[in-house]
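What follows is a single structure, written as structure tokens, with notes after it.
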Amino acid sequence: MVIAAGLAACTPAPHGDARRPHPTFVSLNPCADAILAEVADPAQILAISQFSMDPAGSTMGLAQARRFRATSGSIEEIASLKPDVVIGDAFVPGKPGSAALGRLGFRIERFQIESTIEVSEEQVRRLAILSGHPERGEALVARMRSALAKAAPPRGSKPVPAVVWQSAGIVPGENTLIADLLRRTGFANFSAGQGLRQADLLPLEQMLARPPRVILIAGSLKSEEDRMLRHPALAALTETRREPYASALLWCGGPTVIKAAERLAEVHRSVQLGEGRE
């Protein structure tokens, strides 16, 4: 509750309308976009990041994203919107942009990439408190926990070796949200077991020599860049399931956790059904 007390003591930047009961936001963080849409009133969200308008990467879905204005994140655009709070992240705006916004008197709140479910829950609560609706944050956290509970594997079941294979063979590291999700939904992080770390490459030859039970393909099977993910040699892995996994489900927490848990549970059930027929 220290976070709650500290945030509640903060006051919005002087750019907002003092008559508003709750602060307004410009979000430059695609993960925060989806959370804000859950915990803030629509009128509080002056703009979301342009990344949420990308059909391939939007964590909130295009239909929901298009309810809001998108921003490129330029200083001029943010200043014209006069938000009470600017939500940033590790990518945009850079340090010079942050410094300029600070000099203009804008309050900036930064949210890093979530590495665990616990960190994601903390960020949900933080955004809900900032928006003036802490109860909505608690409701979202409850939904996340419920989805994870439903996606939990049967008691006593052995973890299924699975690799998340991204464009060009990139794999996620152990200290990532997707790694935590894999553990909670009945999988063992295959790439970590191979000694690979965040953003390391898992060559096709290594995959073929010692294949996991499941390959979660987090890339475009139609893209020339991702041709390795659809290499004909993978068809020889008759004991390995290849399942598509949306790249938008890899890095963000909040409501994305619910979608990710549901997808991973679906894959886990399909593996169990397949083994039952063997």
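Figure the gain on full extension for LEU81 and LYS150 (residue separation times 0.36 nm, minus the Cα-Cα span) and round it to one decimal in nm. Kindly include the intermediate steps, with their values, before the conclusion.
On the way: separation 69, 0.36 × 69 = 24.84 nm, distance 4.13 nm.
Length gained, LEU81 through LYS150: 20.7 nm.
Using the Cβ-Cβ distance between GLU243 and GLN194 with R0 = 22 Å, the FRET efficiency computed as 1/(1 + (r/R0)^6) comes to roughly 0.70.
Only bridges whose two residues both fall in region 157-277 count here: according to DSSP, what percent of them are antiparallel, nearest 5? Before the final figure, lay out each step's value.
Values: 2 of 14 bridges.
In region 157-277, approximately 15 percent of DSSP beta bridges are antiparallel ones.
As a calculated quantity, the FRET efficiency between GLU262 and SER74 at R0 = 30 Å, using C-beta atoms, amounts to about 0.25.
Stretched out straight at 0.36 nm per residue, the stretch from ALA236 to ARG66 would grow longer than its current Cα-Cα span by 56.9 nm.
How much length, in nm to one decimal, is gained on full extension between LEU201 and ALA100, taken as 0.36 nm per residue of separation minus their Cα-Cα distance? Kindly include the intermediate steps, with their values, before the conclusion.
Details: separation 101, 0.36 × 101 = 36.36 nm, distance 3.77 nm.
This chain segment gains 32.6 nm when fully extended.
No lab work stands behind these numbers, since they all come straight from the coordinates. If you're wondering where the values come from, they're calculated on a predicted model, not measured in any experiment. Here the Cβ is made from the backbone with ideal geometry for all residues, glycine too, and neighbour counts use every protein chain on show.
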